[in-house]
Amino acid sequence: MIELFALALIRAQIAAAAAVLLVLILRPSARRLFGPRRAYGLWLIVPAAAAAAFFPSLADTMNIGAPTRPLGAWAPKLVVLWLAGCAIATAVLVLRERLFRRRVDQGRAGPAVMGALWPRIVLPADFTQRFDARERDLIVLHERTHIQRGDPIANLFIAGAGVLCWCNPMIALAQHFIRIDQELACDATVVALRSDIRTDYARALMKAQMSGSVSPLACGWATHPLILRVSLLSRREPSLHRDIAGFLTMTFLAIMAMVGVWSVAPRGPDYRDLRPGLAPQMDPFTGAITWVQGE
């Protein structure tokens with residue numbers, strides 16, 4: 001059983017890395033065709049592909065193809081190493097969150113939303129001095145939109161994926177770009193609600209660029225590329241038909257990623273390793289597989 005789990009872990013890391021590469025290639029086109037909100041949804045392909053790796057592959061289901069060489073005695077060691085890495089990654093995540101909360105208490109953090117289950121808006125001590133009344137309203141609207149969209153919960157899952165995939169550099173890269181796409185999607189949602197705020201919104205973004213970094217669990221107002229965010233503010237919102245087409249496209253790609261991983265993933269250990277001396281035999285009428293004593 002532990003060997004099957006170790007193989008599934010390896011398959012999941014490879015599938016996730018390939019999915020990240022696919023999303024990085026598709027996200028500019030998706031943003032141009034369907035808007036930033038649907039482009040942000042592209043990242044669902046990554047967990048979908050990784051989850052499919054834990055299901056028996058098509059070769060396992062049909063008992064075809066050459067079996068993968070078992071990991072043998074390395075399987076428990078790989079699992080222990082993975083668990084140790086997860087523990088260290090969790091400790092680093094908790095430390096970064098505590099440091100951010102300390103900066104919040106000192107008034108040196110924000111604007112941001114912190115807290116996944118009970119989110120709250122964090123504002124810096126100089127908030128009223130740095131921003132005028134209209135800019136303050138837009139910033140608060142932006143952070144409330146994060147909460148309404150469920151982005152704090154999404155950040156919890158993103159951080160969890162980073163912990164589980166601590167050994168996968170593509171996941172670390174994905175964490176950077178997914179947070180950018182999250183902010184772009186939130187910007188698009190706010191501008192769609194109030195289309196007359198683009199100029200003031202861009203000015204508030206430029207003023208907030210002096211803000212420091214935020215926790216991996218927080219939604220930061222100005223921790224992402226300024227030029228890209230400002231340039232996208234001038235784009236028109238995609239039509240309803242294009243938005244629906246984007247949703248269907250993202251769903252289709254996620255399903256195809258799962259099917260692709262399931263169909264091409266290598267087989268696990270041969271069942272003959274678990275049943276020494278037995279060989280598979282297929283019933284010609286029912287197709288059922290039975291195990292009989294081999295020659």
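For the reader, a short list of remarks on this structure follows.
- Residue 242 sits among other residues whose Cβ lies under 14 Å from its own Cβ, and their net charge, with Lys and Arg +1 and Asp and Glu -1, is +4.
- Dimensionless Rg/Rh of the range 71-116 - Kirkwood Rh, Rg from C-alpha atoms: 1.32
- The slack in the chain from residue 99 to residue 125, taken as 0.36 nm per residue of separation less the alpha-carbon distance, amounts to 7.7 nm.
- Residue 106/residue 86 FRET efficiency (R0 35 Å; Cβ-Cβ; nearest 0.05): 0.70
- Taking other residues whose beta carbon is less than 14 angstrom from the beta carbon of residue 214, and scoring Lys, Arg as +1 and Asp, Glu as -1, yields +4.
- Under the convention that each Lys and Arg Cβ holds +1 and each Asp and Glu Cβ holds -1, the size of the dipole of the range 67-153 around its Cα centre is about 340 debye.
- For residue 112, neighbours were defined as the other residues whose beta-carbon sits under 13 Å from its Cβ, and their charges (Lys and Arg +1, Asp and Glu -1) total +2.
- Apportionment of accessible area to carbon and sulfur, the range 91-212, percent (1.4 Å): 60
- With all protein chains in place and ligands, DNA and RNA left out, the 1.4 Å accessible area ranks 262, 118 as 118, 262, largest first.
- Solvent-accessible area per residue, Å², over the range 84-149 with all protein chains present [probe radius 1.4 Å]: 57
- When 170, 256, 114 are compared by accessible area at a 1.4 angstrom probe, the order from most to least is 256, 170, 114.
The values are calculated or read from the model by the stated rules, or taken from the named source; none is laboratory data. Fair warning: this is a prediction, and the values are worked out from it, not measured in the lab. No Cβ is skipped: glycine too gets one built from the backbone with ideal geometry, and neighbour counts run over all protein chains shown. These accessible areas exclude ligands, DNA and RNA; they are computed on the full protein's heavy atoms, side chains included. Shrake-Rupley method; radii C 1.70, N 1.55, O 1.52, S 1.80 Å.
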